[in-house]
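Below is one structure, written out as structure tokens, with a few remarks after it.
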Amino acid sequence: QVQFVESGGGLVQAGGSLRLSCAASRSTSSFNTIGWYRQAPGKQREWVASIERGGSTNYADSVKGRFTMSRDNGENTVYLQMNSLKPEDTAVYYCNANGGVVVWGQGTQVTVSS
């Protein structure tokens with residue numbers, strides 16, 4: 001069973017940037033998609049972005065144009081570059097595969113101050 005470990009979160013002012021990393025315990029090439037998700041206090045977890053096996057990416061409307069997802073050539077790590085951050089981006093960010101088939105990790109906290 002693959003495990004994901006998220007990192008890179010922190011406290012940033014509105015308008016700032018962060019780069020999140022998601023390291024997998026083995027290659028993720030067997031999965032159709034790897035996605036980033038987030039959960040804000042009192043809200044349900046929501047999908048943020050995903051990358052398909054072929055490399056194409058998709059984004060939620062709320063982050064389109066501000067966030068960019070990528071992965072390394074070895075396919076063990078995916079990234080989420082977050083620019084122009086807003087207070088509403090504050091959440092715990094997680095990664096998972098194929099919509100959530102892997103046990104969820106601890107996530108990484110992103111806090112955006114106004």
- request: Take the solvent-accessible surface of the protein heavy atoms, probe 1.4 Å, and return the percent of it on the chain that carbon and sulfur atoms account for.
  value: 45
task: About the Cα centre of region 1-92, how large is the charge dipole given +1 on each Lys and Arg Cβ and -1 on each Asp and Glu Cβ? Please answer in debye to the nearest 20.
output: 40
- request: Could you work out the mean projected area of the convex hull around the alpha carbons of region 37-114, in square nanometres to one decimal?
  value: 5.6
query: If you plug each phi of region 56-66 into the Karplus form 6.51 cos²θ - 1.76 cosθ + 1.60 with θ = phi - 60°, what whole-Hz ³J(HN,Hα) values come out, in order, with x for Gly and Pro?
result: 6, 10, 9, 9, 5, 4, 5, 10, 4, x, 10
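What accessible area per residue comes out for the chain, rounded to a whole number of Å², with a 1.4 Å probe?
Numbers: 5860 Å² over 114 residues.
Here the residues of the chain average 51 Å² of exposed surface.
The values are calculated or read from the model by the stated rules, or taken from the named source; none is laboratory data. Treat the numbers as computed from the prediction; the structure is a model and nothing was measured. Here the Cβ is made from the backbone with ideal geometry for all residues, glycine too, and neighbour counts use every protein chain on show. Please note that ligands, DNA and RNA were not included when accessible areas were found on the heavy atoms of the full protein model with its side chains. Shrake-Rupley method; radii C 1.70, N 1.55, O 1.52, S 1.80 Å.
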